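Below: one structure, written as structure tokens.
The values are calculated or read from the model by the stated rules, or taken from the named source; none is laboratory data. Everything numeric here is computed off the predicted structure, so don't read it as measured data. No Cβ is skipped: glycine too gets one built from the backbone with ideal geometry, and neighbour counts run over all protein chains shown. These accessible areas exclude ligands, DNA and RNA; they are computed on the full protein's heavy atoms, side chains included. Shrake-Rupley method; radii C 1.70, N 1.55, O 1.52, S 1.80 Å.
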Amino acid sequence: MDGLGLLFHAVVAIGANHRDIANKSGTLRMTSSDPFAFDLDGDKLREECGVFGVIGATDAAAACALGLHALQHRGQEAVGITSFDGTEFFTRRGLGHVADNFSTGESIAELPGTMAAGHVRYSTTGGAGLRNVQPLYADLASGGFAVAHNGNISNAMALRQELVQNGAIFQSTSDTEVIIHLVATSRFPTLLDKFVDALRMVEGAYSLVVMTPRGMLACRDPLGIRPLVMGRLGDATIFASETVALDVVGAEFVRQIDPGELVEVELDGKITSHHPFGNHKPRPCIFEHVYFSRPDSVFNGRSVYGSRRNIGMELAKESPCDADLVVPVPDSGVPAAIGYSQESGIPFELGIIRSHYVGRTFIQPSDGARNAGVKRKHNANRALVEGKRIVLIDDSIVRGTTSLKIVQMMRDAGAREVHFRVASPPTGNGCYYGVDTPERSKLLAGRMNIAAMREFIQADSLAFVSIDGLYRAVGLDGRNNACPQYCDACFTGEYPTALTDLSTREKEEAQLTFPVGKVA
Ligand code: SF4
């Protein structure tokens, strides 16, 4: 079948077994005029997606909406749910949060059936818009095919070019659509074989939840870079990016999907596990422990909260500090600050207070804009910090602009000394696996050594946890340099897959190294 045989929901409106309901009322929150856009959360790496799938539940769409709500931190730009009632597929998609689009009984009633898959999304400015909102849907020769994807295909541009040359017509700019075209054009006889055939051609990171008229497929890339777990709720099987989504819908955690595993759940509930990609050493994203996952999730067999507290303890051992108070940068620095305090014996105190009445917003495009207005969301607890020597704990430094602001905020509140400790190694490289990262020249650790970074953020001292300290914090003896146990490329520059779509210059830049784990 050639690419022209693939018709998308945007094209097939009449006579197809799919109804697409775009919620035009949802608001895209990434606007330069957003008055609350500048806060400490702005200078973070951004996980781009979360996925959720449920099969065998009477209220599948409602469970899906609830699960996506628990995954909202993985993407706040847009949300979509597709359901299947045994005959037809129904999709509702919109810009904004889950609650903006799926809070009413009517919105859920538009999605009948016992099987549903959903997606929350964050993307860079160029990728915004309804046409990229997932699940993506296509009518294939074998029937409907809806896919929700967390991750990034690092050879998507090359594959897309080839597909277009062969006549494929793309309806979105999403890398996920490449998978659909590859499935559509595969010569293998069964849909399962076509799907495996397609995935053998892609490189990069993918955790996928797919719906077909026969049931649900859930799959993780051979290295397991992005997370995916399976749960059980009565007779229903659930797949989700994080265990917290299982907790929230009342499901029991069964297990994580193995790297390279493809789980097939048929409409009658029969579950089959396939391992079509051979044996690979897993390389899950270590940044899930540091920041992306919710602290109440379990990732790669470990409590995320526990890992973050351990990182703080490692940091205290590696980079002690003579100080009066340990102060977290809220909220993501809290578990590591608790660990630092427990290990060092220095009291933990909330020296920065977060307002919970400011809307959650997105990264702004210019550093100048980012530098303004930090106090809208966070304010120093002056009575506590005045005259004190403070150890500030944050999970990471990306551009460094908000770190500078927060150090300044402590000094303005009367802190005598401000020592900055970071619960991850310096983030000096971009991520090509589904995380929005600024270009290397915008990453503070991409252009400065630790002494220069300290000077930039104007702290009295600055230290990052070492890469081995990070590995110890997640229960290992340290990093196995010959065969690393995690993907840690944003720290080390060692990417676990080919990066076909990158130019040679970008590849050279990505391999640059930088010092880690020293106090400046
Ligand atoms: Fe995670 Fe960093 Fe690897 Fe991206 S490069 S998958 S953020 S560890």
How would 206, 291 rank on accessible area, largest to smallest, probe 1.4 Å? 291, 206
Order by accessible surface, 1.4 Å probe, largest leading, for residues 237, 190 comes to 190, 237
Can you give the local net charge around residue 322? Use residues other than it whose beta-carbon is closer than 14 angstrom to its beta-carbon, Lys and Arg +1, Asp and Glu -1. +1
Length gained when the stretch residue 458-residue 322 is fully extended (0.36 nm per residue, less Cα-Cα span): 47.2 nm
Can you compute the FRET efficiency between residue 353 and residue 106 using 1/(1 + (r/R0)^6), with r the Cβ-Cβ distance and R0 = 51 Å? Round to the nearest 0.05. 0.85
For each pair in 405/442; 377/405; 44/405; 44/388; 317/442, compute the distance between the two Cα atoms and list the pairs where it is over 20 Å. 44/388; 317/442
Nearest-0.05 FRET efficiency for residue 302 and residue 451, computed from C-beta distance (R0 51 Å): 0.95
Net charge of neighbours whose Cβ lies under 14 Å from the Cβ of residue 235, counting Lys and Arg as +1 and Asp and Glu as -1: -2
Any idea of residue 439's accessible area? Nearest 10 Å², probe 1.4 Å. 120 Å²
Need one number: nm distance between label points at residue 85 and residue 267, each 7 Å from Cα along Cα→Cβ, rounded to one decimal. 1.4 nm
Rounded to the nearest 0.05, FRET efficiency between residue 200 and residue 480 (Cβ-Cβ, R0 25 Å) equals 0.35
Taking the Cα centre of segment 302-510 as the origin and placing charges on Cβ (Lys, Arg +1; Asp, Glu -1), which of 410, 390, 489 is farthest toward the positive end of the dipole? 410
Length released on extending from residue 165 to residue 275, taking residue separation times 0.36 nm less the Cα-Cα span: 36.4 nm
Taking each pair of different alpha-carbon atoms in segment 302-510 once, compute 1/r for the pair, average those values, and report the inverse of that mean as the Kirkwood hydrodynamic radius in Å to one decimal. 17.8 Å
Estimated dipole of segment 431-497 in Debye, rounded to 20 [Cβ of Lys and Arg +1, of Asp and Glu -1, Cα centre]: 100 debye
For every other residue with a beta carbon closer than 15 angstrom to the beta carbon of residue 174, add +1 if it is Lys or Arg and -1 if Asp or Glu, then tell me the sum. -2
Packing rank of 389-395, 90-96, where each peptide gets the mean count of other beta carbons within 10 Å, highest leading: 389-395, 90-96
Would you work out which of 303, 378, 452 lies farthest towards the positive end of the dipole of segment 302-510? Charges go on Cβ: Lys and Arg +1, Asp and Glu -1. 378
For 318, 264, 77, 455, the accessible-area ranking with a 1.4 Å probe, largest leading, is 455, 318, 264, 77
Place the peptides 50-62, 464-476 in order of packing, highest mean first, counting for every residue the other Cβ atoms within 10 Å and averaging per peptide. 50-62, 464-476
